[in-house]
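Read through the structure below, which is laid out as structure tokens, and then see the notes.
Computed from the coordinates by the stated procedures, all read-outs in this text should not be read as laboratory data. What you are looking at is a predicted structure, and each value in this text was computed from that prediction instead of being measured. For neighbour counting, all protein chains shown are included, and Cβ atoms are generated from backbone atoms with ideal geometry for every residue, glycine included.
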Amino acid sequence: MGISVPAAAAAPLPRTNHLFAGAQFAFIASILMLGLYIGLTSTWTLLEPDFLIGLSLTAAATSLLFAVPPSGALRGLLVLVPTIDILAVGFFRDTLPNLPTSGLLIVIPVLWLAGGFGVSALPVPVFGAIFVSLIPVARAGAWPTTPGGWGAICILPALVLIMTVTVHLAARQLRAHEGRARIALAAATEAAAIATTVSESVDAAVAFFRPDGTAALRNEATYEQARLAGFDPKTRAGVHVYGPDRKTRLPPEKQVINRALRGESFRGDLYWVGQPGDQRAIIGNARQVHTDEGTFVGTITVGHDVTDLADAVALREAFLIDVSHELRTPLTSIIGYLDLLTEGHDLQQLGLEREVSTIQRNAEQLYAIIGDLLAAGDAEMRVRIALTDVADIARESAAAILPQASEAGVTVRAEVPPHVELEGDGGRLRQVLDNLLSNAVKYTPRGGRVVVTVGVDGTTCTVTIADTGIGISPDDQRQLFDRFFRAREVRDDARPGVGLGLSIVKSITEAHHGWITVSSRPGRGSTFTVTLPLRQPRAGAPSAS
């Protein structure tokens, strides 16, 4: 992003007495060298009136330089210092007519006037050069009569004019660049201060790494998390960093900093730092930073401490599991006695068939919900791998949902090949299809349709359930597979459910080393795609996913 330079940026360079003193001391040093030369070649010249006048003018200019205060209305008098020096050069040059190089002394005050003052000072060195050139004419009492004589008068003012304009333009350009540099430096300083303040204000560990991997910014929270993790700068990893289960130690190459410096960008990765008994839950994010032109400038990592949230979630899940276990036992007894009641009595004759049927249906629904709660609470989804025909499972699930679909006015069609065999848990995969088909029928308006397809692509099998239902908003899709999450439209319509079905579907799919995706637009229906490997990875082999 470019930086605009206001008019104030072109202000003159700082004009301090110390800066001008350097120029004056250079002029004095040049005069001393000239004096040394005269002393070695013609000592008597040091006593010439013109030479002494030049020395007096130089002394007066130097005194004026230190007499003018560094600030205030009198600062404008400083322009007299190089002006007087030019006059002094005229007398020095007249003293040594056989030493043309003495005229070079004019260069120092000319540069001073051209570069250190504004446009109004530009005529001064030119008139000064004319003065220096005319002193010999005044002493001779006559104007030159030859072209060479006139050339000797005009050459110095002409050269001074060219030098004055050139130096002034260069000085203006330098000031403009200096103004831009000041603004850029101020912006960079301000940005650095803001970045430091923000990083220290947020409740997260923030670190920024340059392209060479060195750390340019680390806030206090970073040091605290590094201490808990037992961070080793040589490996850029901690010895006490664990996965989401709080037990599996993460190797250095899978830890946040090393992944980030390899160019990975990620968000929401959960890990734990600290020794058992003193662990903190961290959500890690990382991304690369580029300029608007695409130049890579570094990598930023952020670690949010979510221990309280993780503990609250664990407490909630433990509570749900305990309650589910407590409810399951009496509910199993109720269902058992209902079965005995149904088998041992003629409920229709007793006039209780409808009531008992309602009790039995709700008890079975409650039993299914408790089963989902217990399944969602499993730390690891357990599957029994065997050769399974997923095409048969798809047809069976589609057939099983037909009564519910018929009642809802929804058409269900299965487009599957005769056989598609893969290694998997048939019961769990049936649970996946039942859940997805049930949701598709439940959220598809009357007159809609649901299509389940099965296909094979290389070493993977894809099961797709597409519907013409109400669809899912992009915001809800981001949380669709979270436990207990229910879309806003579903909550608003007060449709039954606890929000566990899709999280269980995802857990079963991932237990088979597969993955599930969703494509949906509100009002345009949804398509869920479950991708499964045909063969499960063997021990020591890389995952198919």
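Brief remarks follow.
- Whole-Hz ³J(HN,Hα) from phi, Karplus 6.51 cos²θ - 1.76 cosθ + 1.60, for the range 532-538, glycine and proline x: 10, x, 5, 10, 6, x, 7
- Charge tally in the Cβ shell below 9 Å around T95, where Lys, Arg are +1 and Asp, Glu are -1, T95 excluded: -2
- Sorted by Cβ density within 10 Å, fewest first, the residues R259, R182: R182, R259
- Stokes-Einstein, applied to the Kirkwood radius of the range 386-533 over Cα pairs at a viscosity of 0.890 mPa s and 25 °C, places its translational diffusion at 160 µm² s⁻¹.
- Counting charges near L134 (Lys, Arg +1; Asp, Glu -1) among other residues having Cβ under 13 Å from its Cβ returns a value of +1.
- A simple count of charges around V450, restricted to other residues whose Cβ falls under 9 Å of its Cβ and scoring Lys, Arg +1 and Asp, Glu -1, yields +1.
- Our coupling estimate for the range 403-411, obtained by passing each phi through the Karplus curve with A = 6.51, B = -1.76, C = 1.60 and θ = phi - 60°, is x, 5, 5, 4, 5, 8, x, 10, 8 Hz, Gly and Pro reported as x.
- Protection proxy ranking for 333-341, 295-303, using the average of other Cβ atoms within 10 Å per residue and placing the highest first: 295-303, 333-341.
- In terms of the mean number of neighbouring beta-carbon atoms within 10 Å, the peptides 262-273, 187-198 order highest first as 262-273, 187-198.
- Between amide H atoms placed 1.01 Å from N, distances below 5 Å from V306 occur with A281, I282, I283, all of them 5 or more places distant or on a separate chain.
- Sequence-distant contacts, meaning Cα pairs under 8 Å at least 6 residues apart, place the relative contact order of the range 386-533 at 24 percent.
- Applying the Karplus relation 6.51 cos²θ - 1.76 cosθ + 1.60 with θ = phi - 60° to the range 517-529 yields 3J(HN,Hα) values of 10, 9, 10, 7, 9, x, x, 10, x, 9, 10, 9, 10 Hz, where x marks Gly and Pro.
- Here's how it looks for D269: its modeled amide H is under 5 Å from those of G284, which are all 5 or more places away or on a different chain.
- Going by neighbour counts of Cβ atoms within 10 Å, the residues H345, H304 line up, fewest first, as H345, H304.
- In summary, the range 196-286 shows an alpha-carbon radius of gyration equal to 1.03 times the 2.2 N^0.38 Å reference for compact globular proteins.
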